[in-house]
1. All but one of (1) farther than 19 Å from Ile63 by Cα; (2) without any contact (Cβ under 8 Å) to a residue 12 or more places away in the chain hold for Gln23; state the number of the condition that does not hold.
2. Which residue pairs have Cβ atoms closer than 8 Å, lie 6 or more positions apart in sequence or on different chains, and pair a first residue in segment 58-83 that is within 30 Å of Arg15 (Cβ to Cβ) with a second residue that is at pLDDT below 55?
3. Which helices (runs of 4 or more DSSP H) does segment 5-83 wholly contain that include 3 or more residues that are loosely packed, with under 10 Cβ neighbours inside 10 Å and either modelled with pLDDT under 95 or of a type in the set (D, E, K, R) (or both)?
4. Please identify the pairs in which a residue from segment 27-54 that is within 19 Å of Glu7 (Cα to Cα) has its Cβ atom under 8 Å from the Cβ atom of a residue that is in a helix (DSSP H, G or I) and acidic (Asp, Glu), counting only partners at least 6 apart or on another chain.
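The values are calculated or read from the model by the stated rules, or taken from the named source; none is laboratory data. What you see is a predicted model, and the numbers here were worked out from it, not measured in a lab. Virtual Cβ from ideal backbone geometry, glycine too; neighbours counted across all protein chains shown.
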Amino acid sequence: MNVSFAEISKTLRERRRELGVSQADLARLSGLSLHGLSDIETGKGNPTMETLLKVLQVLGLQILLKPTAPGAFTNATEVSKES
């Protein structure tokens, strides 16, 4: 299952609301501007991984990485050998 940035943004916004945290407080705790956080929550931003991880940490969330399909790494390796 591929996850879009819009889905990530929605999850962040919902989690913030569940915790009863204002955008201003989350921005301050994450070291972001209010405008920057608003852009992330609305899917308009393009945060760096570092920025996204800061927001996730404050919200008590994490990113879980897992293979998309068995053998996906093998296929990627074969493609890079052909290059």
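1. Here Gln23 meets the rest and fails (2).
2. Pairs that qualify, where the first residue is within 30 Å of Arg15 (Cβ to Cβ) and the partner is at pLDDT below 55: there are none.
3. Details: elements: 5-19, 23-30, 34-41, 49-59, 72-82.
So the answer is 72-82.
4. Listed pairs, sorted by first residue: Gly45/Asp39.
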